[in-house]
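The values are calculated or read from the model by the stated rules, or taken from the named source; none is laboratory data. Given the structure is predicted, the values throughout are model-derived calculations rather than measurements. When we count neighbours, we look across all protein chains shown, and the Cβ atoms used for this are built from the backbone with ideal geometry, even at glycine.
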Amino acid sequence: MKKFLFILAAAAAMTISCKKDNPQGQDGKDTPAGGNTPIELKASSTTPAMDTDNQNNEVLTLTWNATTNMGTGARVSYSVLIDKKGGSFEAPYEIALGPNVTEQVFTAGELNKIIKEDFDVANGESVEFDFLVLATIASTEVDDVLSNKVTITLKAFEPKPTDLYMIGSATAAGWDLANAIAMTPIEGEDGGFSWSGELFGGELKFLVTRDGWVPSYGRLDDTHLYLRDHLWNDPDTGERVDDESLPHVDTPDEKFIIAEQGNYKIELNIEKLTITITKTGGPKYFSMYIFGGGVEGAPIKMYRSGYAFFTFLKSNNAWMHFTADVNNNKDFYYAVEEEQSLDNNKVSQSTWHEWHLPEGLYHVSLYAKEGKEAAYFVPFTPYEQLYLIGSACDAGWDIANALPMTKAGATTQTWTGTLKAGELKFTCDKSTDWFGAWYLASEANKAPTGEEEPLIFIDKARPETATMGIKELDQKWNITEEGQYEITLMQDKETVIIKKK
């Protein structure tokens with residue numbers, strides 16, 4: 001094992017060696033004659049440009065000559081060592097480069113990350129650093145070699161973000177930092193980011209990282225961003241406060257307001273501090289309900305994925321229709337003709353003809369894309385065997401080995417055993433192409449409550465599933481805690497209880 005004398009390296013200005021534990025080599029052999037070849041380290045600059053304009057540019061090049069293995073035939077590997085000027089190099093920052101390397105190039109961003117994360121240099125602070133090259137010879141018979149020191153002044157700066165995230169009650173992530181939604185960099189536009197998708201009525205702002213609330217970009221006005229780079233100011237002086245225990249007031253944190261649920265496109269530039277939020281096309285409706293006499297539990301709120309709505313219902317010889325309003329006041333979908341067959345998928349928004357569902361249980365879905373609207377009614381048939389699959393159970397994602405449930409009645413199945421933290425769903429047929437029948441969670445990443453909760457049934461093999469664009473729907477349960485669980489799945493109610501014992 002090597003024993004680096006870094007204190008000597010820091011104290012000496014000349015080229016020195018790192019002594020081995022056994023200076024005479026293995027078995028008392030003498031070190032080969034001739035001495036090590038000195039390493040001369042050179043730097044392209046001792047004051048490289050450290051700022052946001054150069055964070056992706058090469059600002060420092062270190063070069064050095066190769067040393068020898070002293071005739072031992074041993075491998076020679078090179079490392080760059082960094083410490084604050086005057087430091088002992090007892091715990092340097094080390095960049096291992098391997099053999100046959102005689103150059104190391106740094107961008108301003110790479111140097112900035114090193115001095116901020118490993119040496120706690122604050123933004124705007126300039127600090128002198130010593131750089132050395134270490135040649136490690138893989139032999140106990142000869143000494144390792146250290147180069148001369150080169151002192152370089154580096155200034156820390158706040159880099160331009162390379163990532164940007166959306167957060168707020170208007171997004172699917174809500175105010176959950178860990179799930180803030182990533183935006184897409186705009187190619188060829190410095191500081192440009194874009195995103196397209198569904199937003200809800202609520203607040204919205206933008207984060208540089210998922211690890212904290214600053215830096216963030218909020219609303220200056222409807223077309224401009226405001227950079228919030230710290231949380232608090234002194235209430236008397238207005239100066240920055242980083243210690244929450246001191247008197248402080250919050251810095252401005254105005255959000256953008258999304259007034260109406262819908263599909264939007266966002267384009268912004270964090271260098272120009274500009275933003276446009278444009279409502280785009282997409283689903284005409286974001287909610288749908290089933291109303292009708294003889295529909296048990298009506299009004300029934302349907303689940304949505306894109307343009308598709310779906311649910312499970314019990315009919316007591318019911319007459320029913322669809323409506324986008326929970327109070328059944330507007331925007332309806334009816335059958336096209338009176339006494340329309342359930343095999344006829346056509347719909348109308350003006351006929352007032354209701355569908356007639358004979359007594360029984362049904363999987364019901366409505367495709368509400370304008371010009372392609374259709375309704376589907378599939379009589380319920382229970383599956384004889386259901387299975388667990390997912391990272392939360394022992395089967396993992398090996399569908400052939402999905403864990404069978406136990407039949408506890410004509411439509412009820414149970415399972416008891418150990419679950420790990422992870423994802424879980426239920427397969428009805430173990431289809432090896434993954435496009436079979438499934439019972440899924442009613443929303444993505446749903447943690448079970450231990451009470452009876454709704455399921456979503458989807459048969460991905462049915463042609464209407466592809467037509468409605470929901471073939472990729474894959475909402476799983478999120479098991480957050482390892483332990484013994486009891487699961488009861490009731491197909492005739494389309495509900496499940498996932499309870500930790």
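Starting from segment 355-367, keep only residues that are surrounded by fewer than 18 Cβ atoms within 10 Å (Cβ to Cβ), then list their pairs with residues that are part of a strand (DSSP E or B) and not polar (S, T, N, Q) whose Cβ atoms are within a distance under 7 Å, requiring at least 6 positions of separation or different chains.
These pairs meet every condition: GLY360/PRO379.
Matching residues to (1) touching a strand residue (DSSP E or B) at 6+ places or on another chain (Cβ under 8 Å); (2) closer than 16 Å to PRO48 by Cα:
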{"position": "THR107", "(1), (2)": "yes, yes"}
{"position": "GLU117", "(1), (2)": "no, no"}
{"position": "GLU125", "(1), (2)": "yes, yes"}
{"position": "PHE131", "(1), (2)": "yes, yes"}
{"position": "SER139", "(1), (2)": "no, no"}
{"position": "VAL142", "(1), (2)": "yes, no"}
{"position": "VAL145", "(1), (2)": "yes, no"}
{"position": "THR151", "(1), (2)": "yes, yes"}
{"position": "LYS155", "(1), (2)": "yes, yes"}
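The rows are residues; the columns are (1) closer than 22 Å to ASN57 by Cα; (2) in the same structural domain as ARG75 (by TED's automatic domain parsing); (3) among the aromatic types (Phe, Trp, Tyr).
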| site | (1), (2), (3) |
| --- | --- |
| ASN100 | no, yes, no |
| VAL105 | yes, yes, no |
| LYS113 | yes, yes, no |
| ALA170 | no, no, no |
| MET183 | no, no, no |
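Given segment 214-259, what strands (runs of 3 or more DSSP E) lie entirely inside it while holding 2 or more residues that are among the hydrophobic types (A, V, I, L, M, F, W, C)?
Where strands (runs of 3 or more DSSP E) fall fully within segment 214-259 and carry at least 2 residues being among the hydrophobic types (A, V, I, L, M, F, W, C), they are 224-228, 256-258.
Which pairs have Cβ atoms under 9 Å, sit 6 or more apart or on different chains, and link a residue in segment 457-471 that is on the phi > 0 side of the Ramachandran plot to one that is part of a loop (DSSP other than H, G, I, E, B) and at pLDDT below 95?
GLY469/GLY306; GLY469/TYR307; GLY469/LYS369
So, restricting to strands (runs of 3 or more DSSP E) that lie completely within segment 350-432, which ones have at least 2 residues that are under 18 Å from PHE457 (Cα atoms)?
By residue number, 360-367, 374-379, 387-389, 412-419, 422-427.
Which ones in segment 47-80 are surrounded by 13 or more Cβ atoms within 10 Å (Cβ to Cβ), more than 39 Å from the chain's Cα centre (by Cα) and either among the aromatic types (Phe, Trp, Tyr) or assigned to a loop (DSSP other than H, G, I, E, B) (or both)?
Scanning segment 47-80 gives TRP64, ASN65, ALA66, THR67, THR68, ASN69, MET70, THR72, ALA74, ARG75.
Could you say whether any residue in segment 158-167 is touching a strand residue (DSSP E or B) at 6+ places or on another chain (Cβ under 9 Å) and more than 30 Å from GLY262 (Cβ to Cβ)?
Within segment 158-167, not a single residue is touching a strand residue (DSSP E or B) at 6+ places or on another chain (Cβ under 9 Å) and more than 30 Å from GLY262 (Cβ to Cβ).
Going by the conditions given, is TRP232 at pLDDT 95 or above and farther than 25 Å from LYS279 by Cβ?
Yes.
When segment 232-255 is examined, which residues are found to be under 17 Å from GLY168 (Cα atoms) and touching an Asp or Glu at 6+ places or on another chain (Cβ under 7 Å)?
Passing the criteria: only LYS255.
Yes/no matrix, rows are residues, columns are (1) of a type in the set (Val, Ile, Thr); (2) surrounded by fewer than 20 Cβ atoms within 10 Å (Cβ to Cβ); (3) not assigned by TED's automatic domain parsing to the domain that holds ASP398:
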| position | (1), (2), (3) |
| --- | --- |
| THR432 | yes, yes, no |
| ALA437 | no, yes, no |
| GLU452 | no, yes, no |
| THR465 | yes, no, no |
| GLU472 | no, yes, no |
| ILE479 | yes, no, no |
| TYR485 | no, no, no |
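Any idea which of (1) modelled with pLDDT under 95; (2) within 25 Å of VAL105 (Cα to Cα) is the one VAL150 doesn't satisfy?
It is condition (1) that VAL150 fails.
Counting just the residues of segment 292-320 that are farther than 28 Å from TRP438 by Cβ and in contact with a strand residue (DSSP E or B) (Cβ under 7 Å, 6 or more places away or on another chain), which one comes out surrounded by the fewest Cβ atoms within 10 Å (Cβ to Cβ)?
GLY293
Considering only segment 304-333, state which residues are assigned to a strand (DSSP E or B) and either aliphatic (A, V, I, L, M) or within 22 Å of TYR264 (Cβ to Cβ) (or both).
Passing the criteria: ARG304, SER305, ALA308, PHE309, LEU313, ALA318, MET320.
Among VAL121, VAL142, which is in contact (Cβ under 8 Å) with a residue 12 or more places away in the chain, among the hydrophobic types (A, V, I, L, M, F, W, C) and in contact with a helix residue (DSSP H, G or I) (Cβ under 6 Å, 6 or more places away or on another chain)?
VAL121
Which residue pairs have Cβ atoms closer than 7 Å, lie 6 or more positions apart in sequence or on different chains, and pair a first residue in segment 337-352 that is in the same structural domain as GLY371 (by TED's automatic domain parsing) and surrounded by 11 or more Cβ atoms within 10 Å (Cβ to Cβ) with a second residue that is part of a loop (DSSP other than H, G, I, E, B) and of a type outside the set (Phe, Trp, Tyr)?
Sorted first by the residue in segment 337-352, then by its partner, the pairs are LYS346/VAL336; VAL347/VAL336; VAL347/GLU373; SER348/VAL336; THR351/VAL336.
Please tell me if PRO283 is in a loop (DSSP other than H, G, I, E, B) and buried (at least 17 other Cβ atoms within 10 Å of the Cβ).
Answer is yes for this residue.
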